[in-house]
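Undergrad: Structure below; questions to follow.
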Amino acid sequence: DVVDDPMDYGTMREKLEKGEYRSAQQVQKDFLLVMQNCIKYNDPDSDIVKEARRQTLLRPKILKNAARKNNLFIAEDASVIPIVDQPEGKKSKAKGKASRKRAKNGDDPTDEGEDGTKKKKPRIKLKMPQKADKETVGRKRKATGGTDGSKKKKSRKSNSASRSKEPVVLEMHDAKMLEDEYMSLADGFDLARENIVKRGRWTLPSEIESEFESVAKLTLTNISKYDEFDIFMEPVDIPGYQDIIKNPMDFHTMRAKVDGGGYGKKDQAGKLYDDFLLAFDNCKEFNGEGEVFEEAGKVLKALPVVFAKACDEVVRSSTLIK
């Protein structure tokens, strides 16, 4: 009387063995039907509903691994595409076409000599400036002398003055200290959250204040490596989720905000920090205790050191460019 269209894993297996599924979309539809029926029939706070939610969150990772194992690719619309290696003959044929195209456009890196043999085009060599000779160096030194011909001594700045110009390294940017802390910190969602909150909202190091986009993308890319079950990778598509979570957040949405300038011009790192905490707090509110909650704690534990290392890498890159 309660469930109008029953579905379970056993029935799905039978349909699969009989070849009744014509597409991956039909399989996905039955998976969602199992979840919807479970929530509809059981108490929302019951263990069986919590388990159903856990399986729904873990399913994308399981499907992805199964597809990779069987040389398949699952597209965003759930269609399944076989991965086929290109035959060697076709590769060489394509390579030949590319070579002929370059020759037609005048981009062929080889020229034919008078005897018909192919010769490589000469490479342009850059002439580097020679070191200054002793006479030039002597003139430079003489020019630095005083009006009476005496040599001026270079003023030496105190160590304290030079140290004051060095950028102050905040704890949230100290990757080495945070990595040591990560190794010694016990697992647990609440411990991980307390650890990141105690240092406050994120800021960028002064030397890369204009490099928010690079830091944000690097942080999102590297923290995703800790999300073994893709809990935060995409928006949650579970029946009843938005009835509980009024302000959803995930890594895909955050990356889209970075690309589209959704974090504005001021306090960008702080707003990114807020979105990370929102994603993790939503996970706790929806799942409560359990395997998903524990996995979320492991990802959150790594977040401080991932952000600090992203800042470090961008600082090094900007220094090399300068």
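Undergrad: On a full-extension model of 0.36 nm per residue, what is the gain between Glu51 and Glu171, subtracting their alpha-carbon distance, rounded to one decimal in nm?
TA: Going from the current span to full extension adds 39.3 nm.
Undergrad: Extending each Cα 7 Å along its Cβ direction at Tyr241 and Lys29, get the distance between those two points in nm, one decimal.
TA: It works out to 2.1 nm between the two label points.
Undergrad: Would you mind telling me the share, in percent, of accessible area of the stretch 270-322 contributed by carbon and sulfur at probe 1.4 angstrom?
TA: 52
Undergrad: Report the one residue of Gly262, Val292, Ala279 whose Cα lies farthest in the direction of the positive end of the charge dipole of the stretch 253-298 (charges on C-beta: Lys and Arg +1, Asp and Glu -1; origin at the Cα centre).
TA: Checked the options; the winner is Gly262.
Undergrad: Could you bin all the Cα-Cα distances of the stretch 183-322 into 10 Å bins starting at 0 and give me the percent of pairs in each, rounded to whole numbers?
TA: P(r) for the stretch 183-322, in whole percents per bin: 11, 42, 34, 11, 2, 0.
Undergrad: For the stretch 171-177, take each phi angle, set θ = phi - 60°, evaluate the Karplus expression 6.51 cos²θ - 1.76 cosθ + 1.60, and give the result in whole Hz per residue in order, putting x for glycine and proline.
TA: 4, 5, 9, 8, 4, 5, 5
Undergrad: Output the pairs from Lys217/Lys257; Lys217/Lys271; Lys246/Lys301; Lys225/Lys257; Lys18/Lys64; Lys64/Lys225 with a Cα-Cα distance over 18 Å in this structure; if there are none, say none.
TA: Distance filter (> 18 Å) returns Lys246/Lys301; Lys225/Lys257; Lys18/Lys64.
Undergrad: While we're here: Relative to the Cα centre, what is the charge dipole magnitude of the stretch 182-322, using +1 at the beta carbon of each Lys and Arg, -1 at the beta carbon of each Asp and Glu, and rounding to the nearest 20 debye?
TA: 740
Undergrad: How long is the stretch 254-322 along each principal axis, judged by its Cα atoms, biggest number first, in Å?
TA: 49, 23, 17
Undergrad: Taking the simple approach of a point 7 Å from Cα along Cα-to-Cβ for both Arg22 and Glu313, what is their distance in nm?
TA: Using points 7 Å along Cα→Cβ, the separation is 4.6 nm.
Undergrad: Plugging the Kirkwood radius over Cα pairs into Stokes-Einstein for the stretch 176-266, at a temperature of 4 °C and a viscosity of 1.567 mPa s, what D comes out in µm²/s?
TA: 83
The values are calculated or read from the model by the stated rules, or taken from the named source; none is laboratory data. Nothing here was measured: the structure is a model prediction, and the numbers come from that model. Heads up, the Cβs are rebuilt from the backbone with ideal geometry, glycines too, and the neighbour counts pull from every protein chain shown. What goes into the accessible areas is simple: the full protein's heavy atoms, side chains included, and nothing from ligands, DNA or RNA. Shrake-Rupley method; radii C 1.70, N 1.55, O 1.52, S 1.80 Å.
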